[in-house]
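The values are calculated or read from the model by the stated rules, or taken from the named source; none is laboratory data. This is a predicted model, so every value here is computed, not measured. Every residue, glycine among them, receives a Cβ derived from its backbone with ideal geometry; neighbour counts consider all protein chains shown.
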Amino acid sequence: VAESDSTSQSGTRSAYRPDRFSLWRELCSRCGRIWSLADRRWRCSCEGLLDLLGPQVDPIDRGATGTRSESSLERYRAALPPGAGDVDLGLDVTPLLPVAPEMWVKCEFEHPTGSFKDRGASVMIGAAAALGVDAVIVDSSGNAGRAVAAHAAAASMAATVYVPAGTDAAKLAAIAGYGASVVEVPGDRAATAESAQRRADGDAIWYASHVHQPLFHHGVKTLAYEIFEQLPDPAGATVVVPAGNGTLVLGLWLGFAELVAARRLVRPPVVVAVQAERCAPLTGRPPVADDPPTAAAGVAIPAPPRAAQIRAAALGTGGGIVTVKEEDILSAREELGRMGLAVEVTGAVAWAAIRASRPTPARSEGAVVAVLTGR
Ligand SMILES: [Zn+2]
């Protein structure tokens, strides 16, 4: 019996072609070891966090074709990892709405599964499919699990989502609705992550983590490209985002750094990361003991694994970390609703910081953008 042709094993899925991945490498942030994406690692053998390095390209340059696609994946494909765009549920450029003089909201709740996590999931799952992955596991408090489950379904991959016990029933139903297996884990958010990691390692299932897989951050960086293209004066702007595991901060940092390298910007916009006062580990203060510590579930992350990177990225733009009070988050959400913008509690965190008029250290003269992350 002849050995099966490796290119025909995965049916219609694009088979792994080494040349597509040769320009992309994973670098250990602890020991400096370099891995190939084909190694399918979620962390280094030294347990260090991995970052992803790709070729230096101008993300905005669309070459001779000059395509003006409203599909975000299509528009920026040259700057994205291999497989980006292969799994696309309709990831369009989201609206940037002016809501006051020099004040804008970026409507990230208008993605296929309702949050910015679709940016990361589409690119990450697209790359995984190109690597021949057929099953993924992820831990999530809600939105990332939903985004990964949807994109895995679209790629005909089996998905298992570990969630903390007590996760919002509507979010669980949404994840299960995509055919994913949902496993509730007792304990805090870190216990959920550890369970998923043990299962991923034990059963050799690809760990589709929005925290650990740097592919995810390279999907979120498209947010930076869009803000750059949509704002009249992006160089002088301040972008305010909620921060839990910091995927938005890290994605914006990647995207803006690429735009600076391509000489589209002389300096990155200021990125201000907002945490709930009751759970603000990035400020160095321990979270309150309540479980959950804040109603903003998406930023209720007591110990973000990439905390040092998140702080460095925000500070590297001239920004920093600010906190908002619980009651200010809830009233900001009500105010957004009265503006016609229905978001979940976490989605109002950035607006709460701006309402408190202290997205400091913002540049006072420029535009301010609040990223409304999910519905
Ligand atoms: Zn290492």
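Give A262, A276 a once-over and let me know the one that is crowded, with 23+ Cβ neighbours inside 10 Å, modelled with pLDDT of 95 or more and small (G, A, S).
On the way: A262 fails: crowded, with 23+ Cβ neighbours inside 10 Å.
Of A262, A276, the one residue that is crowded, with 23+ Cβ neighbours inside 10 Å, modelled with pLDDT of 95 or more and small (G, A, S) is A276.
Is it the case that V123 is closer than 22 Å to A153 by Cα, more than 15 Å from the chain's Cα centre (by Cα) and surrounded by 15 or more Cβ atoms within 10 Å (Cβ to Cβ)? I'd like the intermediate steps shown before the answer.
On the way: closer than 22 Å to A153 by Cα: yes; more than 15 Å from the chain's Cα centre (by Cα): no; surrounded by 15 or more Cβ atoms within 10 Å (Cβ to Cβ): yes.
Here the answer is no, as V123 does not meet what is asked.
Quick one: in the stretch 27-41, which of the residues that are in contact with a helix residue (DSSP H, G or I) (Cβ under 8 Å, 6 or more places away or on another chain) and touching a residue at least 60 places away in the same chain (Cβ under 8 Å) is nearest to the ligand (Cβ to nearest atom)? Walk me through it before giving the result.
To start, the set of residues in the stretch 27-41 that are in contact with a helix residue (DSSP H, G or I) (Cβ under 8 Å, 6 or more places away or on another chain) comprises 29, 36-38.
Applying the additional criterion that residues be touching a residue at least 60 places away in the same chain (Cβ under 8 Å) yields 29, 37-38.
Working: S29: 8, L37: 16, A38: 17 Å.
Of everything passing the filter in the stretch 27-41, S29 is nearest to the ligand (Cβ to nearest atom).
Flag: Q230 does not match the condition of being farther than 17 Å from A313 by Cβ and touching a His at 6+ places or on another chain (Cβ under 9 Å).
Annotation note: Cβ proximity below 8 Å between a residue of the stretch 241-254 that is on the phi < 0 side of the Ramachandran plot and in contact (Cβ under 8 Å) with a residue 60 or more places away in the chain and a residue that is among the charged types (D, E, K, R) and assigned to a helix (DSSP H, G or I) (sequence gap 6+ or interchain) occurs for T247/K117; G251/R119. Return the residue satisfying two criteria in turn: it lies in the stretch 42-52 and is under 18 Å from the mean Cα position of the chain (by Cα) and within 12 Å of the ligand (Cβ to nearest atom), and of such residues it is surrounded by the fewest Cβ atoms within 10 Å (Cβ to Cβ). Looking at the filtered set, the residue picked out is D51. What is the one condition in (1) within 17 Å of L215 (Cα to Cα); (2) aliphatic (A, V, I, L, M); (3) in a helix (DSSP H, G or I) that A174 does not satisfy? Only one criterion is unmet by A174, namely (1). The set of residues in the stretch 219-240 being touching a residue at least 60 places away in the same chain (Cβ under 8 Å), of a type in the set (G, A, S) and touching a helix residue (DSSP H, G or I) at 6+ places or on another chain (Cβ under 6 Å) consists of G219 alone.
Considering only the stretch 309-328, how many residues are in contact with an Asp or Glu (Cβ under 9 Å, 6 or more places away or on another chain) and β-branched (V, I, T)? Here the count works out to 2. When you scan the stretch 153-168, do you find a residue that is surrounded by fewer than 21 Cβ atoms within 10 Å (Cβ to Cβ), out of contact with any Lys or Arg (no Cβ under 6 Å at 6 or more places or on another chain), closer than 18 Å to F109 by Cβ and at pLDDT below 95, even just one? Yes: one or more hits. The condition of being more than 16 Å from the chain's Cα centre (by Cα), surrounded by 15 or more Cβ atoms within 10 Å (Cβ to Cβ) and away from the ligand (no atom under 16 Å from the Cβ) holds for only one of P59, P95, P55, that being P59.
Restricting A353, A273, A332, A307 to those that are over 30 Å from Q56 (Cβ atoms) and touching a residue at least 40 places away in the same chain (Cβ under 8 Å) reduces the list to A353.
When the stretch 227-255 is examined, which residues are found to be assigned to a helix (DSSP H, G or I), under 20 Å from V349 (Cβ atoms) and not β-branched (V, I, T)? I'd like the intermediate steps shown before the answer.
Restricting attention to the stretch 227-255, the residues satisfying the condition of being assigned to a helix (DSSP H, G or I) are 227-230, 234-236, 247-255.
Those still in the list that are under 20 Å from V349 (Cβ atoms) too: 227, 247-253.
Answer for the stretch 227-255, where residues must be assigned to a helix (DSSP H, G or I), under 20 Å from V349 (Cβ atoms) and not β-branched (V, I, T): L248, L250, G251, L252, W253.
Does V288 satisfy the condition of being surrounded by 18 or more Cβ atoms within 10 Å (Cβ to Cβ) and among the β-branched types (V, I, T)? It is false that V288 is surrounded by 18 or more Cβ atoms within 10 Å (Cβ to Cβ) and among the β-branched types (V, I, T). Does the stretch 286-323 hold any residues that are closer than 22 Å to P269 by Cβ, in contact with a strand residue (DSSP E or B) (Cβ under 6 Å, 6 or more places away or on another chain) and among the β-branched types (V, I, T), and which are they? Residues satisfying the conditions are V299, T317, I321, V322, T323.
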